[in-house]
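Peer 1: One structure follows; several queries about it will come next.
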Amino acid sequence: KGNSYPKNLQSLTGPEDIETTAHKAQDIQEIVSHFAIQGHTAGGTPYGSGHIHDTYYIKNLQADCPDYLLQRINHQVFKNVPLLMENIEQVTAHLRSKLENIPGAEPDKEVLTLVPTRHQASYYQDEAGNFWRLYLLLQGTRSYDLVESPQQAYEGGKAFGRFQALLADMDASLLHESIPDFHNVEHRLRQFTQAIKHNQKDRVKHVQPEIDFVMQRAQLMSTICRLGREGKLPLRITHNDTKFNNVLLDSQDKAQCVIDLDTVMPGYVAYDYGDAIRTTAATAAEDEKDLSKIDIDLNLFRGFTQGFLEETCASLTDEEIGSLSLGITLLPFIMGLRFLTDYIDGDHYYKIHFPEHNLQRAQAQFRLVEVLEDKLELLQGIIEEISAACH
Ligand code: ADP
Ligand code: GN1
Ligand code: MG
């Protein structure tokens, strides 16, 4: 084992992250001491670019002992951490048992491994009431905020498609809804209306064009909810946070492991597909300030769709394949709506790195919605072509 940090330490977005998340090295050390680790560790380094948890890379000072990944779970966002952790135990156990029966699969590399506490629990609660969990660090892997090639996009599609296929026979009643109505756009629209009504920070007057943008599309964006209610789309177990940086790629850029399992719960396949396209096929970051840079790359779109459908199309209904294009515009719409709601509410939910960050994120997502609306027929054609070849 080398002395250097793995490559994906580079995925830190900047010094702002460190300021907002850093805990003191001795505090981290104390927290880690409650887990049944091997070897010796000293402190930790803020890691990754997630918007919710505080994540630390924990390096092992002893050769031949593993490195770890420590997370302080955001319990404002996940209100019931014990149930959340039960979900993760159930999902990782199911994935592991499926992979054990697939020749050539490597469950230890392809599934997250929780390190238990010294009392055999899956999380540790400190005196201040914070919840912590520890994973084995998947060595030599990397996550990307932006996709760099159609091959990577294809690998992302394979990873999330396979994830869904492996969970298709899991008993959904074992899972708790970690955040109820997570992708229910009607619920998100109600939260938005409430935020506007309360206007906590007097910001509504600054966002009238964005409010108009939402209102013009509210009805159309409810189509998946309606089809679900009418029984035309089956509920499956979905990941619900299929950002491209929630797949770890290995050193050959092959998909190795789907991570960030906090929101795995029942959902529609179009949610996972649409949320992945939002970050995999876009030409600019989720929070790009220069809206003229935001476009959709057709080769990346094709790559992801090919990988995703290769893994899932045998099990999807025709209605579900038809619904995928609804997810393409819905998910950036929902994300923009949630960022805008948080901006109006005073930035309580997402980590922000500068004062207008949530507004900038919302504007970038709404621009992406417009680009996708313009190209929707073309994108639908690509989905049809690939799914016809899969059947
Ligand atoms: P968040 O919910 O805040 O996005 P994640 O669980 O996605 O947190 O973790 C943040 C980042 O940490 C990921 O994008 C990835 O780069 C890295 N990461 C998470 N788990 C592991 C792991 N087991 N091995 C290696 N890297 C990991
Ligand atoms: C959050 O934790 P992270 O950064 O992977 C959010 C997702 C959003 C995403 C937008 C629990 O995900 O729903 O799509 O930010 N997770 C939660 O980047 O709200
Ligand atoms: Mg993440």
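The values are calculated or read from the model by the stated rules, or taken from the named source; none is laboratory data. If you're wondering where the values come from, they're calculated on a predicted model, not measured in any experiment. FYI the Cβ positions are ideal-geometry reconstructions off the backbone, even for glycines, and counts take in every protein chain you see. These area figures cover heavy atoms from the full protein model, side chains too; ligands, DNA and RNA do not enter into them. Shrake-Rupley method; radii C 1.70, N 1.55, O 1.52, S 1.80 Å.
Peer 1: For Glu210, Glu186, write out the residues from largest to smallest accessible area, computed with a 1.4 angstrom probe and no ligands counted.
Peer 2: Glu186, Glu210
Peer 1: Do any trypsin sites (Lys or Arg not before Pro) in region 99-189 lie in a DSSP loop with no more than 11 other beta carbon atoms within 10 Å, and if so, which?
Peer 2: Those satisfying the criteria are Arg118.
Peer 1: Reachable lysines from Lys254, Cα under 25 Å, same-chain residues fewer than 8 places away excluded?
Peer 2: Cα-Cα hits under 25 Å: Lys1, Lys7, Lys59, Lys98, Lys109, Lys158, Lys243.
Peer 1: Using a 1.4 angstrom probe on the protein heavy atoms only, could you order Leu134, Leu220 from most to least accessible area?
Peer 2: The ranking, largest first, comes out as Leu220, Leu134.
Peer 1: Follow-up question, since we're still on this one. Can you tell me the length gained on complete extension of the stretch Asp145 to His176, counting 0.36 nm per residue apart and subtracting the Cα distance?
Peer 2: 8.3 nm
Peer 1: Turning to a different aspect of this structure: Taking H as built 1.01 Å from N, whose amide H comes closer than 5 Å to the amide H of Gln256, not counting residues under 5 places away?
Peer 2: Result for Gln256 returns Leu248, Leu249, Asp250.
Peer 1: Taking amide H positions as placed 1.01 Å from N in the peptide plane, with prolines and chain starts having none, which residues 5 or more places from Thr238, or on another chain, fall under 5 Å of its amide H?
Peer 2: Result for Thr238 returns Met265, Gly267.
Peer 1: Still on this structure, I have one more. Accessible area of Cys390, 1.4 Å probe, to the nearest 10 Å²?
Peer 2: 40
Peer 1: Quick one: what are the phi-derived ³J(HN,Hα) couplings along region 27-32, Karplus 6.51/-1.76/1.60 with θ = phi - 60°, whole Hz, x for glycine and proline?
Peer 2: Rounded to whole hertz, the list is 5, 4, 4, 5, 4, 4.
Peer 1: Let me check I've understood the local charge: for Leu368, count other residues with C-beta under 10 angstrom from its C-beta, Lys and Arg +1, Asp and Glu -1. What total comes out?
Peer 2: Around Leu368, the charge tally is -3.
Peer 1: Quick check on the chain: helices-only [θ] at 222 nm, where DSSP H runs of length 4 and up contribute -39,500 (n - 2.57) each and the sum goes over total residues. Nearest 500, please.
Peer 2: Taking each H run of at least 4 residues, the total per residue is -15000 deg cm²/dmol.
Peer 1: Could you size up the charge dipole of region 52-190 around its Cα centre, putting +1 on the beta carbon of Lys and Arg and -1 on that of Asp and Glu, and report it in debye to the nearest 20?
Peer 2: That gives region 52-190 a dipole magnitude of about 140 debye.
Peer 1: Which order do Ser143, Ser315 take by accessible area at a 1.4 Å probe, largest first?
Peer 2: Ser315, Ser143
Peer 1: Can you pull out the trypsin sites (Lys or Arg not before Pro) in region 286-364 whose DSSP state is coil and whose Cβ has at most 15 other Cβ atoms within 10 Å?
Peer 2: Lys289
Peer 1: Moving on. Kindly point out, ordered by number, any Cys in the chain whose beta-carbon has no other cysteine beta-carbon under 4.7 Å away.
Peer 2: Isolated Cys, the chain: Cys65, Cys225, Cys257.
Peer 1: Step through the residues of region 377-387 one at a time and calculate ³J(HN,Hα) from phi using the Karplus curve (6.51 cos²θ - 1.76 cosθ + 1.60, θ = phi - 60°), rounding each to whole Hz and writing x for Gly and Pro.
Peer 2: 5, 4, 5, 4, x, 5, 4, 5, 4, 5, 6
Peer 1: May I pose another question? Using the Cα centre of the chain as the reference point, and only Cβ charges (+1 on K/R, -1 on D/E), how large is the resulting charge dipole? Debye, rounded to the nearest 20.
Peer 2: Here the size comes out at about 460 debye.
Peer 1: Next question. Counting only protein heavy atoms and using a 1.4 Å probe, what share of the accessible area of the chain belongs to carbon plus sulfur, as a whole percent?
Peer 2: That share works out to 50 percent.
Peer 1: A further question follows. Roughly how many Å² is the accessible area per residue of the chain, as a whole number, for a 1.4 Å probe?
Peer 2: Normalised by residue count, the accessible surface of the chain is 44 Å².
Peer 1: Could you list which residues have their amide H under 5 Å from that of Ile73, counting only those 5 or more apart in sequence or on another chain, with H placed in the peptide plane?
Peer 2: It is Phe131, Trp132, Arg133, by chain and number.
Peer 1: Another question, if that's okay. What is the diffusion coefficient of the chain in µm²/s, taking the Kirkwood radius over Cα pairs and the Stokes-Einstein relation at 25 °C with a viscosity of 0.890 mPa s?
Peer 2: Value of D from the Cα-based Kirkwood radius: 113 µm²/s.
Peer 1: So which GluC sites (Glu not before Pro) in region 324-391 are both in a DSSP loop and have at most 15 other Cβ atoms within 10 Å of their Cβ?
Peer 2: Glu356
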